[in-house]
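Shown next, in structure tokens, is the structure this report addresses.
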Amino acid sequence: MSQSARRGKVKPSKEEHSKYFEEKSTAASKELAVANKPPVEQTPDSDINVTIITELQKFRQEVNESLEKLSEKVTNIDQTVSGLVRRISEAEDRISTLEDGHNRHTQLLSFLLELHRDRQLEARCEALENVQRRDNLRIYGIKEGSEEGDTVKWIEEFLRTTLQLPTEFDFRIERAHRSLLQRPTNPNASPRSFVLKFNSFKTKQLILQKAWQEKNLTYRGEKITMNHDYSPTLQKKRREYSGIKKQLKAKQIKFQSPYPAMLKVFVQEDTLVFHSAWEVAEGLKHLGITAELSEEERLEKDLHRLGWTASGMKNPRAQVAVSRG
């Protein structure tokens, strides 16, 4: 009830009466709620510190366990990466080896195709050219300008004197001349060889055998040698044995050079026949014989190792013959 109502003793209205009781009810409810609320427990400071330390220790242990697991995983990753690096390195080496092999096989294939196209034709042309030269004889070592007057007559007198042939011996020389190379300007250079064309192969062979029997032929203090007149290609093929022949002579091993470009070596009771320089190097390596091979010889050697043969080539597996003496 308001104070104005008490002073004037005025009867309160219904609205004021309801509001009064509502305020009293709300205040009583609040007092009851406060009375029923449980008291707050007061925790000492020491208990709080112990709890914090315990939680920190647990956190530290969890962190250490996590770091150990992470370190183990990193170690596994390092091992895996190291394995991958090793495998990649091995793969690179294999790829490099394959590339080198591919390049070499490409060269071999190109060489084989070239041989397949050209070897038979070249062999026939070579054979024909060397047949045409069968009656020819080459003389090496005669100084430039030694010949006088008629070259054929001068050569006949030279052969008769050098080989001690009878005066009535009929040489039957059709023509004689220096090789068609340009005359050397250096006086110390090797002189050009003489090429002699005989009308009779028997006469040419007789003179050549006589020269080989004499062995140490000289003219004006210079060593003279005589040999068949081979084509340039065949001469190049036969020159591939030059270094090998020097080694055989130094080791006092007998040998021969059969036509067209072979080497026959006599080793104790065996007679070894080779058709190329690389075969000699392979067959006589136990004797310490070595050979400087041309590119063509190296390619043929590689083809032999692969078991290949080209048209016009002899079977490489049958190129070394051994016979008992």
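What to note about this one:
- Test: residue in segment 156-164 that is touching a Lys or Arg at 6+ places or on another chain (Cβ under 7 Å) and basic (Lys, Arg): no
Residues checked against (1) in contact with a helix residue (DSSP H, G or I) (Cβ under 7 Å, 6 or more places away or on another chain); (2) within 30 Å of residue 166 (Cβ to Cβ):
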position	(1), (2)
214	no, yes
217	yes, yes
221	no, yes
235	no, no
242	no, no
249	no, no
270	no, no
279	no, no
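- Of all residues in segment 155-167, those that are without any contact (Cβ under 8 Å) to a residue 12 or more places away in the chain and of a type outside the set (Ser, Thr, Tyr) total 4.
- Index of the failed condition, residue 105 passing every other in (1) within 22 Å of residue 297 (Cβ to Cβ); (2) modelled with pLDDT of 85 or more: (2)
- You will find that of 178, 183, 192, the residue that is surrounded by 13 or more Cβ atoms within 10 Å (Cβ to Cβ) and out of contact with any helix residue (DSSP H, G or I) (no Cβ under 9 Å at 6 or more places or on another chain) is 192 and no other.
- Restricting attention to segment 126-168, the residues being hydrophobic (A, V, I, L, M, F, W, C), under 47 Å from the mean Cα position of the chain (by Cα) and surrounded by 14 or more Cβ atoms within 10 Å (Cβ to Cβ) number 3.
- Pairs linking a residue in segment 114-141 that is modelled with pLDDT of 90 or more to a residue that is among the acidic types (Asp, Glu), with Cβ atoms under 7 Å and 6 or more positions apart or on different chains, are 133/229; 136/229; 137/229; 138/229; 141/222.
- Qualifying residue in segment 207-221 (condition: among the β-branched types (Val, Ile, Thr) and free of Cβ contacts under 8 Å to residues at least 12 places away in the same chain): yes
- Matching residues, segment 195-227, being surrounded by 14 or more Cβ atoms within 10 Å (Cβ to Cβ) and basic (Lys, Arg): 197, 204, 210
- Looking across segment 228-287 at every residue that is in contact with a Phe, Trp or Tyr (Cβ under 8 Å, 6 or more places away or on another chain) and β-branched (Val, Ile, Thr), the one that is surrounded by the fewest Cβ atoms within 10 Å (Cβ to Cβ) is identified as 253.
- Condition check for residue 171: over 46 Å from the mean Cα position of the chain (by Cα) and at pLDDT 90 or above: yes
The values are calculated or read from the model by the stated rules, or taken from the named source; none is laboratory data. What you see is a predicted model, and the numbers here were worked out from it, not measured in a lab. Note that we place each Cβ from the backbone using ideal geometry, even for glycine, and neighbour counts take in every protein chain shown.
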